[in-house]
Amino acid sequence: MTVRLSPQCPPWAPRRERAHMLKKMAWLLPTAALHMACGDEETPNLDNNALMLADPEVFDIGMDPNLFASDVLSQYPDIKDCHTQGLELVGDQIFLSCTLFGTTADRDQYSKSFLLKAKLSEVLNHQGPVAWTRRDITETATVGNTSLPLGHPSGIIYDAKRGGIWSANAVYKALSHTRMTLYHPDTLMPLPGTAAVTIEDHIGTIGLIPDGRLMGMNWDSINLYYVNPGDKSTAADDSLTQIANTLTTAYQDCDTWDDAHILCSGLLKETDGIKYGRLHLLKVDALDTQGVQLVREVPEKRTDGSLRVRLGTADQENTYGTYKLTRTLANEGMAISADKQHVYFFPADLPAGKLVRYRITDR
């Protein structure tokens, strides 16, 4: 697979200087400078063993209520809501992935995958309607003797070194078929010179681990797939390692925290049979023998000073700041700001869902 490298800051530049230097490079590489970070992002001086969420804020994303009206499935013309899957932030851009489907009974046959983007600053400024760009990224695959849509995109992750957004687009069914594709942040098209990675399973979550490989998690995160896309425009050099996950949380979306950890949101079904939202700091096993290890269940610090690791309860009314929702906070999309000061969640469907932001603290 051919990779396009992001602009690199001089090795002598202190990390805190690199973001400023990247902006100065914009006239040379406008697209790259807008979207890509060079080198490692400096993690704030926070205690990983004391991370918590505080001070929730809620933002209306200003999406046209009829944005998906022209994309409806012919079998279900009245369904115009797109079920959110992933959230990512790149510079001043916010990206979302979602699936449009009719019923759970036949969503493996009738579903569509979408990738969307807008300016994050416009969303955060509360200035009314926001211009959202969407692209139908649905492809098809032959599974058995049947042609099925890859109508379920995964959680999404930005890959600065390869210069694109990864989405694992799968048949909407457990243990099915997935094509992991790298998309151009500007056009939302597959990045030229790259080849998709095929996995015979349903991959619903992607993490980018510190050594540059991808880690895909299947339906309910039962298995982990360590993927090295290689450096050629064919799949011949891709490598894939599968191991069983020892954790029981069904992760929905992941983002990189530092050079040894990723942060993942998801749902944990507890002994009472109820699913609760979770945000986990996970240590990545570089040897691929133990999968990921739970370092901390990141709690919410409430206004009375108490902490709760349950980030909402499924199918019950929850309150996140001013947002009331019958879904967990970690139900779907999650992303960390580049400065590691905030974590964003997108738990509801498009176009009406809202963006929720929490401050990351350790005290």
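What follows is calculated from the coordinates using simple rules that are stated; it is not laboratory data. Just so we're clear, the structure is a prediction, and the values are computed from it rather than from any experiment. Note: ideal-geometry Cβ built from the backbone for every residue, glycine included; neighbour counts use all protein chains shown.
All C-alpha pair distances within the chain, sorted into 10 Å bins from zero, spread as 5, 25, 36, 26, 7, 1 percent across the bins. Spacing of the modelled spin labels on residue 105 and residue 200, each 7 Å from Cα toward Cβ, amounts to 3.1 nm.
The alpha carbon gyration tensor of the range 165-226 gives principal lengths a ≥ b ≥ c with a/c of 1.5 or higher and a/b no greater than b/c, which makes the shape oblate.
For the range 190-332, relative contact order (Cα pairs under 8 Å, six or more residues apart, normalised by length) works out to 16 percent. Over the chain, dividing the summed -39,500 (n - 2.57) contributions of all DSSP H runs of at least 4 residues by the number of residues returns a 222 nm mean residue ellipticity of -1500 deg cm²/dmol.
Each residue of the range 250-261 is assigned a 3J(HN,Hα), and the resulting list reads 8, 6, 10, 7, 10, 9, 6, 9, 8, 6, 9, 9 Hz, derived from the Karplus form 6.51 cos²θ - 1.76 cosθ + 1.60 (θ = phi - 60°), x at Gly and Pro. Rounded to the nearest angstrom and listed largest first, the equivalent-ellipsoid semi-axes of the range 121-233 from its Cα gyration tensor are 25, 18, 15.
Can you tell me, using C-alpha contacts under 8 Å and at least 6 residues apart, the relative contact order of the chain as a whole percent? Could you put the intermediate results ahead of the total?
On the way: 1002 pairs, mean separation 67.2, N = 363.
Dividing the mean separation by the residue count of the chain yields 19 percent.
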